[in-house]
1. Considering only segment 290-317, state which residues are in contact with a Gly (Cβ under 9 Å, 6 or more places away or on another chain), surrounded by 20 or more Cβ atoms within 10 Å (Cβ to Cβ) and of a type outside the set (D, E, K, R).
2. Go through 175, 160, 223 for me and flag whichever is among the acidic types (Asp, Glu), at pLDDT 95 or above and within 27 Å of residue 101 (Cα to Cα).
3. Please work out if residue 309 is touching a Lys or Arg at 6+ places or on another chain (Cβ under 9 Å), over 17 Å from residue 364 (Cα atoms) and among the small types (Gly, Ala, Ser).
4. Looking at segment 190-241, which of the residues that are within 16 Å of the ligand (Cβ to nearest atom) and more than 30 Å from residue 178 (Cβ to Cβ) is surrounded by the most Cβ atoms within 10 Å (Cβ to Cβ)?
5. Helices (runs of 4 or more DSSP H) wholly in segment 247-355 with at least 2 residues that are within 22 Å of residue 404 (Cα to Cα) and of a type outside the set (Phe, Trp, Tyr) - which ones?
6. If you take the residues of segment 1-46 that are part of a strand (DSSP E or B) and within 11 Å of the ligand (Cβ to nearest atom), which of them is farthest from residue 162 (Cα to Cα)?
7. Can you go through 178, 133 and tell me which one is in a helix (DSSP H, G or I) and surrounded by 16 or more Cβ atoms within 10 Å (Cβ to Cβ)?
8. Can you tell me which residue within segment 82-104, out of those that are touching a Ser or Thr at 6+ places or on another chain (Cβ under 7 Å) and free of Cβ contacts under 8 Å to residues at least 40 places away in the same chain, is nearest to the ligand (Cβ to nearest atom)?
Amino acid sequence: MKIAIAGAGYVGLVTGACLADFGHDVVCIDKDAGRIAALRRGEIPIFEPDLAGLVGTNLGAGRLSFTSELAGAVAGAEVVFIAVGTPSRRGDGHADLSYVHAVAREVAASVSGFTVVATKSTVPVGTGDEVARIIAAANPEADVAVVSNPEFLREGAAIEDFKRPDRIVVGVEDERARAVMTEVYRPLYLNQAPLVFTGRRTAEMIKYAANAFLAMKITFINEMADLCEAAGADVQQVARGMGLDNRIGGKFLHAGPGFGGSCFPKDTQALVRIGEDFGSPMRLVETTIAINEQRKRAMARRVIAACGGEVRGKTIGVLGLTFKPNTDDMREAPSIDIVRGLLDKGARVVAYDPQGMAAARALIEGLECGESAYDVAEGADALVLVTEWNEFRSLDLARLKAAMAAPVLVDLRNVYRHDEVARHGFAYTSIGRPVGAGDGGGLADAAE
Ligand SMILES: NC(=O)c1ccc[n+]([C@@H]2O[C@H](COP(=O)([O-])OP(=O)(O)OC[C@H]3O[C@@H](n4cnc5c(N)ncnc54)[C@H](O)[C@@H]3O)[C@@H](O)[C@H]2O)c1
């Protein structure tokens, strides 16, 4: 099939590379000409495991191409995916739909023949109606079926998620689109991935409902962790005991510094606004957002407490900056609030992250960066593990201690075992585990 994808970011690029790998003929379009020029040279503008290889193979095979000219790509396409950003609108938290609407206007001017326009961007309920209206108003002759096809991939495991999804949701209002979308995803359907057809508004709602629910699940276990600390229980054992119940499931039950990233913060905000617009408040989601906001800053206070209540003039080493491992994405990462909280109290903060340092330096004024975990430990009064990259899971604790000014380790991801760290002479703080708890060992699922 001939497929055009507007937006070559995390979602558009992964979608394009994977659909080309299924054998489709895919053109990815981005208005960022520098990004397109880099992609044409085979350079990948984002860090996502295995993406470079997949793009290279399909570029070489002639199934994948890149352009900044939308018109030509859309004119020849049977399906046009919209995969542009829908960030929080400045000031009010609504999803900013200006990029989606702009693509709709451009698509209207270029479509020829029956074309399915599939919105992959996360958009509020009713956006598909508006996209259809924009296209019809701009080009009354256009024969277009607008469908909702939300994306559920996780950064860091995006290709695996796209190729082996739990489900593919497609919201259609025009029956002709059902056959087209079935054909797009036929290779996955053969792999038994359930293709769930719904109405368009329902599909749009499923995406927000799923993200808000996961954000609530994380926030629930984070609050539970605080209660466990106060009551002398171990949150990791509580999570395991809960998660073994099939009705609950063990994923997204790892206590930590609060959720961040490119989706949960903005999507929970947007869902609250959608609820307000429909006069149907999303109170659980509102509370989730408030708890999470407070938590990120509270993590800085936790570090300060571990340093004896004062960090002015002290050097704090930070391990991990991205919102989760295996991505270079710094959007809404908890590290931003944590580092700022420490800088505000007069600390010097030196961080190391395998992929996120350039973006983090641009976001956080005053942040210094080191070249490795051991470099960051040099002369540090405390080390804070913020993002559980694999390379931080089995650090040489004796080497760290020898490098540090004071052996203080704050493990916000419960990667280490208390007894092991204590044996090396560290003062150790983790999340929701009483002193002496020993069954940590990196239970956190790095791919979440
Ligand atoms: N990142 C994720 O993990 C993830 C997962 C599921 C869903 N989503 C959703 O997918 C959408 C895209 O997210 P992302 O993380 O890929 O965003 P992104 O910011 O990485 O990429 C968006 C791209 O669209 C381009 N763009 C903007 N306007 C354009 C236009 N008019 N024509 C062509 N290109 C244009 C930008 O230059 C940018 O490269 C969002 O709605 C997001 O909520 C993201």
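1. Filtering segment 290-317 for residues in contact with a Gly (Cβ under 9 Å, 6 or more places away or on another chain) gives 291-301, 303-304, 310-315, 317.
Still in the running and surrounded by 20 or more Cβ atoms within 10 Å (Cβ to Cβ): 292, 295-296, 299-300, 303-304, 311, 314-315, 317.
Hits for segment 290-317 are 292, 299, 300, 303, 304, 311, 315, 317.
2. Among 175, 160, 223, only 175 is among the acidic types (Asp, Glu), at pLDDT 95 or above and within 27 Å of residue 101 (Cα to Cα).
3. Details: touching a Lys or Arg at 6+ places or on another chain (Cβ under 9 Å): no; over 17 Å from residue 364 (Cα atoms): yes; among the small types (Gly, Ala, Ser): yes.
So residue 309 fails the test.
4. Within segment 190-241, the match that is surrounded by the most Cβ atoms within 10 Å (Cβ to Cβ) is 215.
5. Of the helices (runs of 4 or more DSSP H) lying wholly inside segment 247-355, those with at least 2 residues that are within 22 Å of residue 404 (Cα to Cα) and of a type outside the set (Phe, Trp, Tyr) span 283-306, 334-344.
6. Here the answer is 29.
7. So the residue among 178, 133 that is in a helix (DSSP H, G or I) and surrounded by 16 or more Cβ atoms within 10 Å (Cβ to Cβ) is 178.
8. 100
The values are calculated or read from the model by the stated rules, or taken from the named source; none is laboratory data. These figures come from a predicted structure and were not determined experimentally. Backbone-built Cβ (ideal geometry, glycine too); neighbour counts: all protein chains shown.
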